[in-house]
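Remarks on the structure that follows.
The values are calculated or read from the model by the stated rules, or taken from the named source; none is laboratory data. Since the structure is predicted, the reported quantities are computational estimates derived from the model, not experimental observations. Please note: Cβ atoms are built from the backbone with ideal geometry, for glycine as well, and neighbour counts cover all protein chains shown. Quick note on the areas: whole protein, heavy atoms, side chains included, nothing else; ligands and nucleic acids left out. Shrake-Rupley method; radii C 1.70, N 1.55, O 1.52, S 1.80 Å.
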Amino acid sequence: EVSQKGYVWAYVCFLHGDLSLSLITADNNDFFQLQEVKRRILEQLKTTGDLLEIKKSIRKKPWTVLNVNTEIYELVHFLYKSDQARQFITPVAIHPFKGRQGKKLLMHEYKRVMDRCAIVQSKKSHTVYFHASDMSAVLAW
């Protein structure tokens, strides 16, 4: 539940260099609880070797859709969202979504999709959305 005043608090811990873990709460008294959650997450990342893998991946160059093995040759960008994990992944933007104006256009496209899917989803149990323009074709499901 969010504070009626609209406040949220963030517990941010830098694990290594620029690598950080951010935990968000609506309760300003959760500091020690979040500190313990961070400790358990960090312990698990070290135990499984995932922290080392994350550190290695940070040193690599950012990836684009050109690095994805797909037969969709016209694909220039995508966003994959996992509702179960509450995470999303997206590659670095390439033409025509590169630069400040391109990123702005891309965010506008994603906002339109999210708004439209929210409307459709409220009426149905499953959403499939397609939109085409001179600049792009968007498919969401």
Q: Consider only pairs whose beta carbons are under 8 Å apart and that are at least six residues apart or on different chains; among these, list those whose first residue lies in region 57-86 and is free of Cβ contacts under 8 Å to residues at least 24 places away in the same chain and whose second residue is open to solvent by 80 Å² or more (accessible area, probe 1.4 Å) and aromatic (F, W, Y).
A: Y80/F88; K81/F88; S82/F88
Q | Per-region count, region 18-28, residues open to solvent by 60 Å² or more (accessible area, probe 1.4 Å), modelled with pLDDT under 90 and not charged (D, E, K, R) | A | 2
Q. Here are some conditions: (1) open to solvent by 100 Å² or more (accessible area, probe 1.4 Å); (2) in contact (Cβ under 8 Å) with a residue 24 or more places away in the chain; (3) of a type outside the set (S, T, Y). L42 meets all but one. Which one does it not meet?
A. (1)
Q) Would it be correct to say that I54 is surrounded by 10 or more Cβ atoms within 10 Å (Cβ to Cβ), part of a helix (DSSP H, G or I) and either among the hydrophobic types (A, V, I, L, M, F, W, C) or modelled with pLDDT of 90 or more (or both)? A) yes
Q. Quick one: in region 82-108, which of the residues that are of a type in the set (D, E, K, R) and in a helix (DSSP H, G or I) is nearest to the chain's Cα centre (by Cα)?
A. K103
Q: Just give me the residues in region 66-87 being loosely packed, with under 10 Cβ neighbours inside 10 Å and touching a helix residue (DSSP H, G or I) at 6+ places or on another chain (Cβ under 9 Å), in sequence order.
A: I72
(Q) Restricting to region 9-53, count the residues that are within 19 Å of R86 (Cβ to Cβ), within 19 Å of the chain's Cα centre (by Cα) and charged (D, E, K, R). (A) 1
**Q.** Counted residues, region 57-81 - those being polar (S, T, N, Q) and in a helix (DSSP H, G or I)
**A.** 2
